[in-house]
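Take a look at the structure below.
The values are calculated or read from the model by the stated rules, or taken from the named source; none is laboratory data. These figures come from a predicted structure and were not determined experimentally. Note that each Cβ is placed from the backbone with ideal geometry, even for glycine, and that neighbours are counted across all protein chains shown. Keep in mind that these areas ignore ligands, DNA and RNA; they rest on the heavy atoms of the full protein, side chains included. Shrake-Rupley method; radii C 1.70, N 1.55, O 1.52, S 1.80 Å.
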Amino acid sequence: MDVFTALLTRRSVTRLLDPAPGDEEFRYLLQSAATAHDHGVLRPWRWILVRDDGLDIVVDSLAEERPDLSRAQLATKVVRAPLKAMPVFRPRVGHRVPEWEQLAAASAMTHALLLLLHARGYGAIWCTGLLCTSRTPPTRLGLGAEERLLGALDIGSPDPSAPPQRRRPPVDVRDHVATLV
């Protein structure tokens, strides 16, 4: 799949089944995604891959903090795919490359990974919400004081029984571009 096709046809996929990429295939795709823009080549990120029993650990840690939601409600929100890949932002504090630019690099790499997953035939959705606002999962996941969870990519194979997704209409960008003369 060429890059234009990947950009124009990638959509967030919510109904995901096995298979998902294994750890080795994930690392292979990440190796390519890591070539995304990164001023200073800081690689201000790392990934936590969660499958199977690990998903239960994430649900249990959220349940401790959210007694207003049942474990079943939390499981519905968290366990949506066979692989939950969590990007962790690891800024180099005090570096000449400002933190906002490091965050942009981590985000660009994550977007590149989404495109690569799509090109390989996988479906994915980048979820934030509870994982990013909670205090408990980052502690259980071993995040350092300066690290921040950027959500999770729920990854698997698109459910073939799901209705086909429509292509996004072209965006009129005229009001978003200015020319300085």
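Given a 1.4 Å probe and every protein chain left where it sits, what share in percent of the accessible area of the chain is carbon and sulfur? Please report the intermediate quantities before stating the final value.
Values: 5950 of 10800 Å².
The value for the chain is 55 percent carbon and sulfur by accessible area.
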Once Lys and Arg are counted +1 and Asp and Glu -1 for all other residues with Cβ under 12 Å from that of residue 13, the total becomes +2
For region 129-135, Karplus-derived ³J(HN,Hα) couplings (6.51, -1.76, 1.60; θ = phi - 60°; whole Hz; x for glycine and proline) come out as x, 3, 4, 7, 9, 7, 9
The answer for residue 15, listing residues at least 5 apart or on another chain whose modeled amide H is closer than 5 Å to its amide H, is 159
From most to least accessible, 1.4 Å probe, no ligand or DNA/RNA atoms counted, 58, 93 line up as 93, 58
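Mind checking which helices in the chain clear 27 Å along their axis (Cα) and have mean Kyte-Doolittle hydropathy of 0.5 or more, DSSP H runs only? Let's see the in-between values first.
Numbers: long enough: 99-119 (30 Å, 0.77).
Helices passing the filter in the chain: 99-119.
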Connecting every pair of Cα atoms under 10 Å apart in the chain and solving the GNM, the largest mean-square fluctuation among 49, 69, 130 falls on 69
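For residue 103 and residue 56 in one chain, what is 0.36 nm times their gap in residues minus the Cα-Cα distance, to one decimal in nm? Each step should come with its number before you reach the end.
Details: separation 47, 0.36 × 47 = 16.92 nm, distance 2.87 nm.
Net length gain for the segment: 14.0 nm.
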Reviewing [x] 124; [y] 110; [z] 164, the figure for volume of the Cα convex hull per residue in Å³ actually calculated from this model sits under [z]
Order by accessible surface, 1.4 Å probe, largest leading, for residues 122, 28 comes to 28, 122
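Counting only other residues whose beta carbon sits under 14 Å from that of residue 47, what net charge do I get with K and R as +1, D and E as -1? Working shown, then result.
Values: positive: 27, 43, 46, 51, 84, 90, 148; negative: 23, 24, 25, 147, 154.
Net of charged neighbours comes to +2.
Taking only protein heavy atoms and a 1.4 Å probe, what accessible area per residue, in Å², does the chain have with all protein chains in place?
Details: 10800 Å² over 181 residues.
Heavy-atom accessible area per residue stands at 60 Å².
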The long-range amide H neighbours of residue 83, using H built 1.01 Å from N in the peptide plane and a cut-off of under 5 Å, are 155
With all protein chains in place and a 1.4 Å probe, residue 171 shows an accessible area in Å² (nearest 10) of 110
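Below 8 Å between Cα atoms, with a sequence gap of 6+, how large is the relative contact order for the chain in percent? If you can, show how the numbers build up before the last one.
Numbers: 255 pairs, mean separation 62.9, N = 181.
Relative CO of the chain lands at 35 percent.
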Highest GNM mean-square fluctuation among 12, 161, 70, for the chain with Cα springs under 10 Å, belongs to 161
For residue 45, other-chain or 5+-apart residues with amide H closer than 5 Å (H placed, Pro excluded) are 90
Highest GNM mean-square fluctuation among 167, 11, 71, for the chain with Cα springs under 10 Å, belongs to 167
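I'd like the FRET efficiency for residue 32 and residue 79, computed as 1/(1 + (r/R0)^6) with the beta carbon distance as r and R0 of 30 Å, rounded to 0.05. Write out the running numbers ahead of the final one.
On the way: r = 28 Å, r/R0 = 0.93.
Efficiency for this residue pair is about 0.60.
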